[in-house]
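Read-outs: derived from the displayed coordinates by stated rules, not from any lab. Everything numeric in this text was worked out from a predicted model, so none of it was measured. Please note: Cβ atoms are built from the backbone with ideal geometry, for glycine as well, and neighbour counts cover all protein chains shown.
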Amino acid sequence: MQFPVLSNGIFRAPLGMTIWVFAKIQQTVRKIPYGKVSTYGDVAYAAGFPGAARQVVWALHGGRGLPWHRVVGADGKILLPGEAGFEQRVRLKNEGVEFRGIRVNMDTHQHIWFARKKKSKPQRSKKARGPSTRRKAGRSG
């Protein structure tokens, strides 16, 4: 089910569905394994609400017992201010998550929600290769 996203990035759902949306997002957050992280946008997409990263923030804010520290901003940046951001970093380090400066090393710790398709290499045309007709420099002949 797709819901509209307004031009300012705010996700709109009918009022009666808000609780259901938050429950679905919280269920998705619980699936992030120990030692892995996911971005707000990836969680929204995996929950079935692409473009609803702000609703992930609200769902985490209202939820109890969630692994909230495993959800980070784009490119692994911790977006929480002050002590909450420090606590998130400490919790992630306790799970073995590595950092590159202020960002999580997403290459090794990002949770992949869907299998990514391997890009197929373009095939080169197979030309018949015969003896070279190019003359080598320095030879006369």
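FRET efficiency for the VAL90 to ALA115 pair, using the beta carbon distance and R₀ = 25 Å, is estimated at 0.20.
Once the chain from GLU83 to ILE102 is taken as fully extended at 0.36 nm per residue, the excess over their C-alpha distance is 5.4 nm. Shape class of segment 17-109 from the Cα gyration tensor (axes a ≥ b ≥ c, square roots of the eigenvalues): prolate, since a/c reaches 1.5 or more and a/b is larger than b/c.
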